[in-house]
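The values are calculated or read from the model by the stated rules, or taken from the named source; none is laboratory data. In this text, all values refer to a predicted model and were calculated from it rather than measured experimentally. No Cβ is skipped: glycine too gets one built from the backbone with ideal geometry, and neighbour counts run over all protein chains shown.
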Amino acid sequence: MKPTNSVLSSYGTTIFEVMSRLAAEHDAVNLGQGFPEGESPEDVLQAAADALVTGWNQYPPMMGVPELRQAVAAHNKRFYGLDVNWQTQVMVTSGATEALAATLLGLVEPGDEVVLVEPLYDCYLPMVERGAGVPKFVRLEPPSWELSEKALRDAFSERTKLLLLNTPMNPTGKVFTRSELELIANVAREHDAYVVCDEAYEHLVFDDGVHAPLMGFPGMAERTVRIGSAGKTFSLTGWKVGYITAPPELLAPIAKCHQFLVFTTPPNLQQGVAYGLGKDDEYFGKLAGDLAAKRDRFGAGLTALGFDVLPCEGTYFLSASAHGAGLEGTDVEICQRLVAEARVAAVPLSAFYEGEGPTEFIRFSFCKPNATLDEALRRLGEYLGAKP
Ligand code: PMP
Ligand code: GLN
């Protein structure tokens with residue numbers, strides 16, 4: 001048989017799927033793959049259900065239903081003061097994942113350099129490589145995950161086409177600071193590069209933190225692609241509805257890619273999200289507030305068990321070193337033992353690195369009912385207590 005595509009065949013199954021399968025096999029509490037449970041807003045579900053039963057169930061427009069594109073533009077203005085023309089600057093996608101694929105395939109020419117920040121979300125690198133882009137890595141170091149100006153500048157060259165930024169950041173829970181964002185904006189402008197911002201967790205920022213889209217920084221509107229995910233904003237990850245806001249010159253090639261990739265996204269789900277983006281401030285505040293409380297509850301429980309928990313400013317994820325809790329070995333080995341023996345699934349942080357990364361941290365998703373979090377802590381406690 002002739003070989004199939006070598007970029008894709010060099011990858012295994014994603015760590016999220018692997019851990020979810022193992023969790024099911026061992027009847028484990030699944031704190032691996034990041035999906036919320038028990039949080040989905042009823043009225044958003046109802047809006048989509050109504051649209052399913054009474055509405056249009058054929059192909060919607062390729063760019064997305066007007067109601068959702070208008071809602072995305074209005075959301076940009078309401079939360080960030082961004083002025084966006086919904087007809088030329090907004091497109092609906094099948095999740096943030098497809099938004100990323102359409103953007104990378106639409107903008108990157110073979111041989112272009114793409115700057116990626118490690119630890120990095122799993123689909124970034126295969127997408128860049130499948131588009132024949134050349135990855136250049138900037139690594140953030142635990143526990144602070146600060147961006148070093150030198151590392152950033154070293155990753156850029158005259159061949160840099162774009163930088164891919166994820167803030168709030170999976171898996172670190174980091175929210176990039178204003179000065180880090182200013183630095184990124186300056187370096188991107190100096191190199192005439194684009195920045196693709198994966199802002200899937202834009203509404204999951206805790207405490208007094210603020211999410212500031214890079215698109216709003218001086219001189220960035222014309223070079224920034226901003227990606228959002230209804231899965232995260234409405235705790236409906238299975239819907240796979242995402243949206244892109246970009247200048248018309250960048251959205252046009254991205255839309256070309258989208259039309260040949262999926263062409264469109266289910267119209268009833270789009271209507272549900274259009275309704276949801278108009279929800280009042282209380283909804284968005286409560287979403288973040290509830291998650292912050294879960295972070296605190298679960299983080300305190302892990303700390304009491306001896307885990308060294310890293311700070312978490314946003315997202316669904318807490319990372320912790322398991323060595324303090326007396327668990328030996330690499331993060332991969334620890335996660336394998338925990339799912340099979342403690343029946344709690346987590347994800348090893350080293351899965352978010354291209355080369356060698358730190359091997360002591362594991363990532364827990366805390367976007368679960370309190371009873372689930374407490375049961376996970378109980379099982380971990382029992383397991384650790386039972387160790388010789
Ligand atoms: N980007 C990041 C950083 C994510 O964590 C995820 C998934 N949770 C996505 C993109 C994909 O989002 P979606 O499910 O909307 O495709
Ligand atoms: N983004 C989710 C996570 O980080 C998983 C999404 C997926 O399974 N592709 O856990």
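Figure legend. Inter-residue proximity from the range 183-209: first residues over 24 Å from Gly242 (Cα atoms), second residues in a strand (DSSP E or B) and more than 16 Å from ligand 1 (Cβ to nearest atom), beta-carbon distance below 6 Å, spacing 6+ or different chains. Indicated pairs: His191/Thr160.
Residue pairs whose Cβ atoms lie under 7 Å apart, sitting 6 or more positions apart in sequence or on different chains, and linking a residue in the range 84-110 that is more than 16 Å from Ala71 (Cβ to Cβ) to a partner that is among the basic types (Lys, Arg) and within 13 Å of ligand 2 (Cβ to nearest atom), are Ser94/Lys240; Gly95/Lys240.
Just checking, how many residues over the range 360-388 are under 23 Å from the mean Cα position of the chain (by Cα) and either buried (at least 19 other Cβ atoms within 10 Å of the Cβ) or under 19 Å from Cys312 (Cα atoms) (or both)? Working first, answer last.
So in the range 360-388, the residues under 23 Å from the mean Cα position of the chain (by Cα) come out as 360-370, 372-373.
Cutting the leftovers down to either buried (at least 19 other Cβ atoms within 10 Å of the Cβ) or under 19 Å from Cys312 (Cα atoms) (or both) gives us 360-370, 373.
Residues in the range 360-388 being under 23 Å from the mean Cα position of the chain (by Cα) and either buried (at least 19 other Cβ atoms within 10 Å of the Cβ) or under 19 Å from Cys312 (Cα atoms) (or both): 12 in total.
Can you name the residue in the range 76-87 that is out of contact with any strand residue (DSSP E or B) (no Cβ under 8 Å at 6 or more places or on another chain) and of a type outside the set (D, E, K, R) and is also surrounded by the fewest Cβ atoms within 10 Å (Cβ to Cβ) among such residues? Looking at residues that are out of contact with any strand residue (DSSP E or B) (no Cβ under 8 Å at 6 or more places or on another chain) and of a type outside the set (D, E, K, R), I get Gly81. Put simply, of Ala151, Ala188 the only residue that is farther than 26 Å from Val347 by Cβ and of a type in the set (Gly, Ala, Ser) is Ala188.
Do we find a residue being buried (at least 18 other Cβ atoms within 10 Å of the Cβ) and in a helix (DSSP H, G or I) anywhere in the range 152-167? Within the range 152-167, one or more residues are buried (at least 18 other Cβ atoms within 10 Å of the Cβ) and in a helix (DSSP H, G or I). Annotation: Thr103 fulfils all but one of (1) closer than 30 Å to Pro311 by Cβ; (2) hydroxyl-bearing (Ser, Thr, Tyr); (3) surrounded by fewer than 21 Cβ atoms within 10 Å (Cβ to Cβ); the unmet one is (3). Of all the numbered requirements in (1) among the polar types (S, T, N, Q); (2) more than 16 Å from ligand 1 (Cβ to nearest atom); (3) within 28 Å of Asp198 (Cα to Cα), Gln270 misses one, and that requirement is (2). Scanning the range 119-154 for residues that are in contact with a Phe, Trp or Tyr (Cβ under 8 Å, 6 or more places away or on another chain), within 17 Å of Leu104 (Cβ to Cβ) and either more than 11 Å from ligand 1 (Cβ to nearest atom) or hydrophobic (A, V, I, L, M, F, W, C) (or both) yields a total of 3.
Run down Glu199, Glu149, Glu158, Glu180 and say which single residue is modelled with pLDDT of 95 or more and within 13 Å of the chain's Cα centre (by Cα). Write out each step before concluding.
Numbers: Glu149 fails: within 13 Å of the chain's Cα centre (by Cα); Glu158 fails: within 13 Å of the chain's Cα centre (by Cα); Glu180 fails: within 13 Å of the chain's Cα centre (by Cα).
After ruling out the rest, the residue left standing is Glu199.
Pairing residues of the range 231-244 that are closer than 14 Å to Gly38 by Cβ with residues that are surrounded by fewer than 24 Cβ atoms within 10 Å (Cβ to Cβ) and among the aliphatic types (A, V, I, L, M), at Cβ distances under 8 Å and at least 6 apart in sequence or on separate chains, gives Ser235/Leu287; Leu236/Leu45.
Kindly indicate the residue of the range 228-283 that is among the hydroxyl-bearing types (Ser, Thr, Tyr) and in a loop (DSSP other than H, G, I, E, B) and also surrounded by the fewest Cβ atoms within 10 Å (Cβ to Cβ) among those meeting that condition. Steps first, please.
Kept after step one, since they are among the hydroxyl-bearing types (Ser, Thr, Tyr), are these residues of the range 228-283: 229, 233, 235, 237, 243, 245, 264-265, 275, 283.
With in a loop (DSSP other than H, G, I, E, B) added as a condition, the list becomes 235, 264-265.
Details: Ser235: 22, Thr264: 19, Thr265: 26.
Checking each candidate, the answer is Thr264.
So, restricting to helices (runs of 4 or more DSSP H) that lie completely within the range 15-131, which ones have at least 3 residues that are within 16 Å of ligand 2 (Cβ to nearest atom)? Step through it out loud before you land on a result.
Values: elements: 15-25, 42-54, 66-80, 86-89, 95-107, 124-130.
It comes to 15-25, 95-107, 124-130.
Which residue out of His203, His211 is out of contact with any Ser or Thr (no Cβ under 7 Å at 6 or more places or on another chain) and within 16 Å of ligand 1 (Cβ to nearest atom)? Full working, then the answer.
On the way: His203 fails: out of contact with any Ser or Thr (no Cβ under 7 Å at 6 or more places or on another chain).
So the residue among His203, His211 that is out of contact with any Ser or Thr (no Cβ under 7 Å at 6 or more places or on another chain) and within 16 Å of ligand 1 (Cβ to nearest atom) is His211.
Scanning the range 1-60 for residues that are within 16 Å of ligand 1 (Cβ to nearest atom), under 18 Å from Val273 (Cα atoms) and touching a Leu at 6+ places or on another chain (Cβ under 9 Å) returns Pro36, Glu39, Ser40, Val44, Ala48.
Here Lys174 passes the criteria (1) within 16 Å of ligand 1 (Cβ to nearest atom); (2) surrounded by fewer than 24 Cβ atoms within 10 Å (Cβ to Cβ) except the one numbered (2).
Residues checked against (1) in contact with a helix residue (DSSP H, G or I) (Cβ under 8 Å, 6 or more places away or on another chain); (2) of a type in the set (Ser, Thr, Tyr); (3) within 16 Å of ligand 1 (Cβ to nearest atom):
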| position | (1), (2), (3) |
| --- | --- |
| His191 | no, no, no |
| Phe217 | yes, no, no |
| Trp239 | yes, no, yes |
| Thr245 | yes, yes, yes |
